[in-house]
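Step one of this worksheet: look at the structure below.
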Amino acid sequence: MTAKRITIADVARAAGVSPGTVSRVLNQREGAVRISEATRQLVLDTAERLGYSPNPFASALRTQRTGVIGAIVRDAGDPFLSMLLREIQRAARTRGIHVLFGHAEYDLDVVGRHIAFMHSHLFDGLLLLGDIPGDQAIINELVRAQTPFVAVARGQQSSLPLVNIDEKAGVELALDYLYALGHRRIAFIGNMEHGGIGERFSFFADHLNTLGLSEPEHYIQQCANSRSAALDCAQSLLSLPEPPTAIFCATDTAALGVVSGVQRAGWQVPEDVSVIGFDDVEDAADTFPALTTIRQPVGEMAAQAVNLLLNLVEKKGVEKGQARKIIQPALVIRDSCASPRPQI
């Protein structure tokens, strides 16, 4: 036998107040007549004792809001995006919002199916975590359909509503640190097909030029964002007649693979080659040697993303400039960088 759903009328009857008073208390609405603290607490206690829970379908029909947002993540196996997703769920809970996420699996058709499902089930808005090469058509469709959405960790060179790290500042922090240690032969490893990584490389090349350094073509290694691919790239760099003394990795995943590649080649980090990452994922502090990296403050990024999306959903008049939240990174110095060996 199915248990009877407790209604506002049931709570009102048990508390000895009007249904309107119960509705105002449970929905946190003000009225012309102030509700006393004692009455408010009585309603809340009675609702809890009876096991009252709001009917989400009735609420959605009334307000055109479900209290549910979607998050489509490029790759749930990416350590940084996984951290970001957890923080988004935490930030949403503090706002009383539920998050359902879809894994894109680097497949645009999968992304399209996720978005179609969210449209048909009255999701209030959408977060896009990471980017997939070629997904501009999907972005255009979201804009055309006037779907509230925020792009997160997809690069900062975009007119979309976005939350992103200051890529330029992060790259400059890393390069200035390596330069101060004495490094002049600095290589780059990363998958430049992705927006944020492509921007990191652009800022990398620009800042090297500012520092008066050149970048030999063979010091630029394009590879998938995996430890195994980065390991192979590292070993290619070390086999050069004049290998780099430092390697800038566009992600910590790549950096951890590079550390393994250097060690497998019989070299040492940081004595023979310094390695610096980008993200500060959980494994960065636990590897040996502990990874020096650029930290993306995922908690702050998640809170900003959820707040911006809810403001767009509620049509709070977000100005164009306010729809771009650029978060400042930080250099985290650990054990994977040191001054290069003196030339003999």
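Below is a table of values for the structure above.
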item	result
Pair list, Cβ under 9 Å, 6 or more apart: segment 258-277 residue under 21 Å from Tyr179 (Cα atoms) and without any contact (Cβ under 8 Å) to a residue 24 or more places away in the chain, other residue buried (at least 24 other Cβ atoms within 10 Å of the Cβ) and among the aliphatic types (A, V, I, L, M)	Gln268/Val262
Helices (runs of 4 or more DSSP H) within segment 36-122 that include 1 or more residues surrounded by fewer than 16 Cβ atoms within 10 Å (Cβ to Cβ) and modelled with pLDDT under 80	56-63, 108-120
Ser214 vs. criteria among the hydroxyl-bearing types (Ser, Thr, Tyr) and more than 30 Å from Arg74 (Cα to Cα)	yes
Options Glu215, Glu193, Glu242; residue that is assigned to a loop (DSSP other than H, G, I, E, B), surrounded by fewer than 20 Cβ atoms within 10 Å (Cβ to Cβ), of a type in the set (D, E, K, R) and in contact with a helix residue (DSSP H, G or I) (Cβ under 6 Å, 6 or more places away or on another chain)	Glu215
Selection count, segment 8-22, where residues are surrounded by 16 or more Cβ atoms within 10 Å (Cβ to Cβ), without any contact (Cβ under 8 Å) to a residue 40 or more places away in the chain and within 43 Å of the chain's Cα centre (by Cα)	2
Flag if Ser202 is assigned to a loop (DSSP other than H, G, I, E, B) and out of contact with any helix residue (DSSP H, G or I) (no Cβ under 6 Å at 6 or more places or on another chain)	no
Every residue from segment 263-300 that is in a helix (DSSP H, G or I) and crowded, with 22+ Cβ neighbours inside 10 Å	Ala284, Val298
Some residue of segment 250-267 being hydroxyl-bearing (Ser, Thr, Tyr) and out of contact with any Leu (no Cβ under 9 Å at 6 or more places or on another chain)	yes
In segment 168-186, the residues that are without any contact (Cβ under 8 Å) to a residue 40 or more places away in the chain and over 19 Å from Gln157 (Cβ atoms)	Asp176, Tyr179, Ala180
Number of the condition not met by Leu173 [criteria: (1) farther than 28 Å from Glu300 by Cβ; (2) not in a loop (DSSP other than H, G, I, E, B)]	(1)
Residue among Phe204, Phe123, Phe149 that is under 21 Å from Thr292 (Cα atoms) and of a type outside the set (A, V, I, L, M)	Phe204
Test for Arg184: is it assigned to a loop (DSSP other than H, G, I, E, B), among the basic types (Lys, Arg) and either out of contact with any Phe, Trp or Tyr (no Cβ under 8 Å at 6 or more places or on another chain) or on the phi < 0 side of the Ramachandran plot (or both)	yes
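The values are calculated or read from the model by the stated rules, or taken from the named source; none is laboratory data. Everything numeric in this text was worked out from a predicted model, so none of it was measured. FYI the Cβ positions are ideal-geometry reconstructions off the backbone, even for glycines, and counts take in every protein chain you see.
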